[in-house]
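Take a look at the structure below.
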Amino acid sequence: MPLPLGLADVTNPSMVPTLVPGDRMVLRYRARIRRGDVVVVRHPFRHDLLIVKRAAERRDEGWWVLGDNPYVPNDSREFGVVPDELVVARAVLRLRGPGDVQRSPLAIARWLLGAVRPLSSRSRRLRAR
């Protein structure tokens, strides 16, 4: 049986500041989802499109998901509740690429300290919208 882990690239700014375009995520498939988790879901109107959002609230029909960036409205405010069968995975780690890191030892040390960050439900407080 294959491990229930995978990698995904972030290409959209909807989760800024938690995730920025160019970040990678380590995903855990078939993971239990809790309020506050960062999740990958299939878009309810375009099942071929995977999107990254925060599971904000559990409802009878599924999950109410929101992006961390209030200026990108492509979330449950636009398309409603995401049914459970469209939840693909929970993001467990953020991997930040080196980007434009300068080659000084201090710059490299700063990048190393922030390059890998857990994405738990306790890593960020939810804000009401």
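Observations, loosely collected:
- Considering segment 21-47, the residues that are in contact (Cβ under 8 Å) with a residue 60 or more places away in the chain and farther than 22 Å from Asp84 by Cα include one that is surrounded by the fewest Cβ atoms within 10 Å (Cβ to Cβ), namely Gly22.
- Selected residue (criterion: modelled with the highest pLDDT) from residues of segment 108-128 that are exposed (fewer than 11 other Cβ atoms within 10 Å of the Cβ) and either among the polar types (S, T, N, Q) or within 27 Å of Pro73 (Cα to Cα) (or both): Arg122
Residue-by-condition table, conditions (1) among the hydrophobic types (A, V, I, L, M, F, W, C); (2) farther than 19 Å from Val10 by Cα:
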{"residue": "Ala31", "(1), (2)": "yes, yes"}
{"residue": "Gly36", "(1), (2)": "no, no"}
{"residue": "Asp48", "(1), (2)": "no, no"}
{"residue": "Ala55", "(1), (2)": "yes, no"}
{"residue": "Arg59", "(1), (2)": "no, yes"}
{"residue": "Gly62", "(1), (2)": "no, yes"}
{"residue": "Tyr71", "(1), (2)": "no, no"}
{"residue": "Arg77", "(1), (2)": "no, yes"}
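- Residues considered: Val82, Val72, Val52. Of these, the only one that is in contact with a Ser or Thr (Cβ under 9 Å, 6 or more places away or on another chain), among the aliphatic types (A, V, I, L, M) and surrounded by fewer than 18 Cβ atoms within 10 Å (Cβ to Cβ) is Val72.
- Entry remark, segment 1-12: residues being surrounded by 14 or more Cβ atoms within 10 Å (Cβ to Cβ) and closer than 14 Å to Arg96 by Cα number 2 in total.
The values are calculated or read from the model by the stated rules, or taken from the named source; none is laboratory data. The shown structure was predicted, so the numbers you read here are calculated from the model rather than taken from an experiment. Every residue, glycine as well, gets a Cβ built from its backbone with ideal geometry; the counts of neighbours run over all protein chains shown.
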